[in-house]
Amino acid sequence: MTDPNAWNERYAEGSDRWTLERVPAVLEQLIAIQRERHRVLVPGAGVGVDAFAWARAGHDVVALDFAPLAVTAMRTRASELGVKIEALEADVTAPPEQLRGIIDLVWEQTCLCALPPDQRRAYLEAMATILRPSGSMVALLWNHGDEGGPPFDMPPVLVEELVVGVFAIRKRERVADGLSTRANQYLWWLDPIRR
Ligand SMILES: C[S@@+](CC[C@H](N)C(=O)[O-])C[C@H]1O[C@@H](n2cnc3c(N)ncnc32)[C@H](O)[C@@H]1O
């Protein structure tokens with residue numbers, strides 16, 4: 001779905017079945033091993049569940065989504081929860097210029113797989129651009145093996161192809177304790193390639 005209105009509609013009718021209201025164990029573990037305070041970007045953040053987990057752990061968080069209702073929900077929930085995040089209405093393939101080169105860590109799940117195939121490279125290139133040279137992107141990607149989407153299947157061979165020239169793959173781990181409804185997920189650690 002390329003149209004923000006189509007995603008917005010899903011939030012309006014409450015059919016955003018991807019919203020889990022809790023973070024995956026791998027994200028809890030990732031947050032727990034951070035030793036420094038980071039500026040974290042969560043692209044395609046939805047109603048902000050992952051963004052709030054980073055913010056609660058003391059990180060500075062920017063969350064992007066192009067569905068206005070998602071952004072409103074993030075802002076409302078953040079204020080109800082008493083956590084501070086910057087929720088911006090923006091397209092992840094063309095993030096605001098002021099983010100260029102300032103992000104330490106991009107955390108994503110269910111964003112790349114939500115994009116139409118012809119936008120994937122632009123998205124990955126945009127994420128590499130907003131990262132500091134020493135930063136990295138950590139992506140939880142689902143290899144569900146089904147045709148069509150969203151969510152589109154993210155088999156390792158496809159991800160390896162998509163990142164060529166943009167990110168170097170530092171590590172890929174099969175997630176052992178993923179949700180039963182999202183079996184066969186991989187955690188990817190990606191470092192931007194300096195140009
Ligand atoms: C499948 S939902 C996942 C939301 C959230 N990551 C979660 O796990 O709950 C995908 C989200 O990406 C947003 N999205 C899709 N394409 C986008 C784009 N090009 N730019 C910004 N947001 C986008 C949608 O509005 C939606 O909130």
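All but one of (1) surrounded by 19 or more Cβ atoms within 10 Å (Cβ to Cβ); (2) farther than 28 Å from VAL163 by Cα hold for SER79; which doesn't? Going through the list (1) surrounded by 19 or more Cβ atoms within 10 Å (Cβ to Cβ); (2) farther than 28 Å from VAL163 by Cα, SER79 breaks only (1). When MET137 is tested against (1) outside any loop (DSSP other than H, G, I, E, B); (2) at pLDDT below 95, just one condition goes unmet, and that condition is (2).
Of the residues making up region 56-69, those that are within 12 Å of the ligand (Cβ to nearest atom) and either within 19 Å of LEU30 (Cα to Cα) or in contact (Cβ under 8 Å) with a residue 60 or more places away in the chain (or both) are ALA63, PHE66, ALA67, PRO68, LEU69. Can you say whether PRO24 is within 10 Å of the ligand (Cβ to nearest atom) and under 15 Å from LEU115 (Cα atoms), as far as the supplied structure shows? Here the answer is no, as PRO24 does not meet what is asked.
The single condition from (1) in a loop (DSSP other than H, G, I, E, B); (2) more than 16 Å from GLY135 (Cβ to Cβ); (3) within 9 Å of the ligand (Cβ to nearest atom) that CYS113 fails is (1).
Whether a residue is open to solvent by 40 Å² or more (accessible area, probe 1.4 Å), within 15 Å of the ligand (Cβ to nearest atom) and in contact (Cβ under 8 Å) with a residue 24 or more places away in the chain was assessed, and THR72 does not pass this test.
Determine if region 20-32 includes at least one residue that is more than 16 Å from the chain's Cα centre (by Cα), part of a loop (DSSP other than H, G, I, E, B) and surrounded by fewer than 20 Cβ atoms within 10 Å (Cβ to Cβ). Checked region 20-32: no residue is more than 16 Å from the chain's Cα centre (by Cα), part of a loop (DSSP other than H, G, I, E, B) and surrounded by fewer than 20 Cβ atoms within 10 Å (Cβ to Cβ).
Rundown of residues vs (1) among the aliphatic types (A, V, I, L, M); (2) over 18 Å from LEU131 (Cα atoms), yes/no style:
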position: ASP16; (1), (2): no, yes
position: LEU20; (1), (2): yes, yes
position: GLU28; (1), (2): no, yes
position: GLU36; (1), (2): no, no
position: VAL47; (1), (2): yes, yes
position: ASP60; (1), (2): no, no
position: MET74; (1), (2): yes, yes
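Restricting to region 163-178, name every residue that is under 18 Å from ALA128 (Cα atoms), assigned to a loop (DSSP other than H, G, I, E, B) and either polar (S, T, N, Q) or touching a residue at least 12 places away in the same chain (Cβ under 8 Å) (or both). Residues satisfying the conditions are VAL163, GLY165, VAL166.
You will find that of ALA53, ALA87, the residue that is within 12 Å of the ligand (Cβ to nearest atom) and in a helix (DSSP H, G or I) is ALA53 and no other. Determine whether VAL164 is among the β-branched types (Val, Ile, Thr), open to solvent by less than 40 Å² (accessible area, probe 1.4 Å) and either at pLDDT 95 or above or over 15 Å from the mean Cα position of the chain (by Cα) (or both). So VAL164 does not fit the description; no. One residue is enough: does region 106-124 have a residue meeting the conditions open to solvent by less than 30 Å² (accessible area, probe 1.4 Å), under 22 Å from ARG37 (Cα atoms) and out of contact with any Asp or Glu (no Cβ under 8 Å at 6 or more places or on another chain)? Within region 106-124 (the criterion being open to solvent by less than 30 Å² (accessible area, probe 1.4 Å), under 22 Å from ARG37 (Cα atoms) and out of contact with any Asp or Glu (no Cβ under 8 Å at 6 or more places or on another chain)), the answer is yes, since at least one residue qualifies. In this structure, does GLU89 turn out to be open to solvent by 70 Å² or more (accessible area, probe 1.4 Å) and on the phi > 0 side of the Ramachandran plot? So GLU89 fails the test.
Starting from residues that are touching a residue at least 40 places away in the same chain (Cβ under 8 Å) and within 11 Å of the ligand (Cβ to nearest atom), keep the ones in region 116-138 and report whichever is nearest to GLY48 (Cα to Cα). The residue in question is TYR123.
The values are calculated or read from the model by the stated rules, or taken from the named source; none is laboratory data. Note that the coordinates shown come from a computational prediction; the quantities given were computed from them, not determined experimentally. With ideal geometry, Cβ positions are generated from the backbone for all residues, glycine too; neighbour counts draw on all protein chains shown. Heavy atoms of the whole protein, side chains included, go into the accessibility calculation; ligands, DNA and RNA do not. Shrake-Rupley method; radii C 1.70, N 1.55, O 1.52, S 1.80 Å.
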